Amino acid sequence: MLPSKIPVRSRSVRSFDLITPQGRTYRFPPPTLSQRLLRLLFAHAETVAISAAIPALIYVAGFAAEALDRSMFEACNDRVGVRRVG
């Protein structure tokens, strides 16, 4: 009897992972240096982003504090000083 469908040609395998019974994973062919560096960067991307954002926020907060009108704070300090004296 003839098959009802023509078999689809199988795709060629470019890489595969071998997992041992101990749980170790081996990739064939092994990743190149650039692939390993990209994987390392993506693994730590969130930590780097947060570490860069915190000093940036502190820096922006410093500019915002300098931009505030200091006379408002001086008036408060004067009023507090007057109450203590009087």
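The values are calculated or read from the model by the stated rules, or taken from the named source; none is laboratory data. What you see is a predicted model, and the numbers here were worked out from it, not measured in a lab. All Cβ positions, glycine included, derive from the backbone under ideal geometry; neighbour counts span all protein chains shown.
Okay, here's what the table says:
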{"item": "Among residues of region 1-27, those that are outside any loop (DSSP other than H, G, I, E, B) and either surrounded by 10 or more Cβ atoms within 10 Å (Cβ to Cβ) or of a type in the set (K, R) (or both), counted", "result": "2"}
{"item": "Near pairs, Cβ below 7 angstrom, 6+ apart or cross-chain, from region 14-40 (at positive phi) to any residue that is surrounded by 10 or more Cβ atoms within 10 Å (Cβ to Cβ)", "result": "none"}
{"item": "Residue within region 63-70 that is loosely packed, with under 10 Cβ neighbours inside 10 Å, at pLDDT below 90, under 28 Å from the mean Cα position of the chain (by Cα) and of a type outside the set (G, A, S) present", "result": "yes"}
